[in-house]
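See structure below.
What follows is calculated from the coordinates using simple rules that are stated; it is not laboratory data. Given the structure is predicted, the values throughout are model-derived calculations rather than measurements. Using ideal geometry, Cβ is built from the backbone for each residue, glycine included, and neighbour counts are taken over all protein chains shown.
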Amino acid sequence: MNRLPIRLRLTLVFALVMAIVIGAAGALLYLRLGATLDEQLDERLSSRSDTLSALVSSSGDDLRLDDLRIVDDEDGFAQVIGSDKILAAIGFEGRVQLLSAGELRQARSRRLVVEREVEVAGGESEPARLLATPVEIGNRVVVVLVGASLEDRDDALDGLLAQLLVVLPIALLVSASVGYLVAGAALRPVEAMRRRAAEVSAERPGQRLPLPRARDEIRRLGETLNAMLGRLEAGLARERRFVADASHELRTPLALLQTELELAMRRPRSPQELELALRSASEEVERLVRLAEDLLVLASSDEGRLPLRVSQHYVREVLDSVAGRYDARASAAGRSLEVVAAGDGVLTGDRLRLEQALGNLVDNALRYGAGTVRLEADPEDGSLALRVSDDGAGFPPEFLPRAFERFSRADVARAGGGAGLGLAIVDAIARAHGGSATATNRAEGGAEITLFIPAGDADA
């Protein structure tokens, strides 16, 4: 069943349901007609029995019942049964008692309805419905029995059954055909989506699946798939841009490294010249290593598996550790680092990753900002806000919405040879901790980057 096309499966299910419905309707019609015919027959028998019982009851003991010509009914028959013999019979040839001894005993105390085969003229038998009624005559009880042939009823039911056996299969075939056409019409939008989906490719971006006019489940499926295509295209565009930008960033240090080595080998060099060439090559290699590490961090973040070793740490110790690594560099540039945090504040996270993020921010502030670089920590709306700010010119307003995009730079003046991955790594580390990162310009001047890390337990 599961291997059949869905259209055929829907048709078979529809046909099965219709077969059950049509069969049940036919059976109900058959049974209802039989019950109606039986009710009508019982009414006629009851009327005849009442008439005959009244005549028998009013006859008295002196009336010879054999001489009575009780209500003539060519479609039925009647018997008046005494204690041990048939006293009268009308419309029935022969004097065969139609009730058994047990039924006769029951009929002397209450009305009794039975069905059985009775022998009619010519020795043939036919089904009949019998109604026996007790009647008192003086001090004795006789049984008035009236009956009618069931042949007409059975003929009517047989005729109905024959018609049902012809009509119902035709109705089932027609309904199954209609179900097949309806299933095809219902699945036509799905087929249109399938054909369009077969044409979708990375070489032809912007293609979307056609949507049906009706706002039904298929349209919602198409809208969901189109949204998925949009996300895939955006992701593919980001990956292509990422690869292109990474290739561009890698090309520069590799070209410089190749140039330094070629110049060093072109002619004999003094030890001092070789040392300078090696130092320059070492700087480019270091730049390549940092870029490769940054790319690995971002790739791990994209796959949702940036490794974290979460534990609890005093916030002040983390900020002091970051400030200590850049203190000498700040002093050499005539700058200062300032740490503002409560001594007993605690954060829960990966200390190395958080120090990496804060280090990137301090490096950016020392590279592109001016004045004092501040590292601050404050509780804010159930999170711990880790801020790094400076007194420089800040970010251009148009750069803020894309500050955390990869390879994004504020302007040429702030590029300074960087790859544009520092803030992207900060954002990736914040999201890996279940938090976020924001970039703003301070009202009094300077840039401010904030990491929001979900607050942990208060106990260190």
Determine the distance separating the Cα centre of region 147-163 from the Cα centre of region 97-120; give it in Å without decimals.
-> 23
Most to least packed among 176-188, 134-146 [average Cβ atoms within 10 Å] = 134-146, 176-188
Once phi for every residue in region 138-146 is put through the Karplus expression 6.51 cos²θ - 1.76 cosθ + 1.60 (θ = phi - 60°), the whole-Hz ³J(HN,Hα) values, with Gly and Pro written as x, are x, 9, 10, 10, 10, 10, 8, 10, 10
By how many nm would the segment from residue 288 to residue 168 grow when fully extended, if each residue of separation counts as 0.36 nm and the alpha-carbon distance is taken off?
-> 35.1 nm
Which whole-Hz ³J(HN,Hα) couplings does region 36-53 yield from phi under the Karplus relation 6.51 cos²θ - 1.76 cosθ + 1.60, θ = phi - 60°, glycine and proline marked x?
-> 5, 5, 5, 5, 5, 5, 5, 5, 5, 5, 5, 5, 5, 5, 5, 5, 5, 5
FRET efficiency, 1/(1 + (r/R0)^6) with R0 35 Å, evaluated for residue 442 and residue 310 via beta carbons = 0.65
Pull out the extension gain between residue 367 and residue 37, defined as 0.36 nm times the separation in residues minus the alpha carbon to alpha carbon distance; nm, one decimal.
-> 108.4 nm
Helix-derived mean residue ellipticity, 222 nm - over the chain, DSSP H n ≥ 4, -39500 (n - 2.57), to 500 = -19000 deg cm²/dmol
Go through 237, 40, 53 and say which Cα lies farthest out towards the positive end of the charge dipole of the chain; charges sit on Cβ, +1 for Lys and Arg, -1 for Asp and Glu.
-> 237
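Restricting to the chain, compute how many DSSP beta bridges are antiparallel as a %, nearest 5.
Expressed as a percentage, antiparallel bridges in the chain total about 95.
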Report relative contact order for the chain in percent, whole number only (criteria: Cα-Cα under 8 Å, sequence separation at least 6).
-> 10
Ranked from highest to lowest mean number of other Cβ atoms within 10 Å per residue, what is the order of the peptides 396-406, 311-321?
-> 311-321, 396-406
With the convex hull built on the alpha-carbon atoms of region 78-202, volume per residue in Å³ sits at 179
Gain in span if fully extended, residue 13 to residue 344, counting 0.36 nm per residue against the direct Cα distance = 112.2 nm
Dipole axis of the chain (+1 Lys, Arg; -1 Asp, Glu on Cβ), positive-most option in 141, 181, 106 = 181
Calculated FRET efficiency, residue 215 and residue 351, Cβ-Cβ r, R0 60 Å, to nearest 0.05?
-> 0.70
Is the shape of region 191-239 rounded, prolate or oblate, going by the alpha carbon gyration tensor and its root eigenvalues a ≥ b ≥ c, with a/c under 1.5 for rounded and a/b larger than b/c for prolate?
-> oblate
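Viscosity 1.567 mPa s, temperature 4 °C: give me the Stokes-Einstein translational D for region 310-454 in µm²/s, with Rh taken as the Kirkwood radius over C-alpha pairs. Please list the in-between numbers first.
Working: Rh = 15.1 Å.
After rounding, the answer is 86 µm²/s.
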So, with +1 on the Cβ of K and R and -1 on the Cβ of D and E, and no other charges, what is the size of the charge dipole of the chain about its Cα centre, to the nearest 20 debye?
-> 2180
Using the 10 angstrom Cβ neighbour count as an exposure proxy, how do 338, 103 rank, fewest first?
-> 338, 103
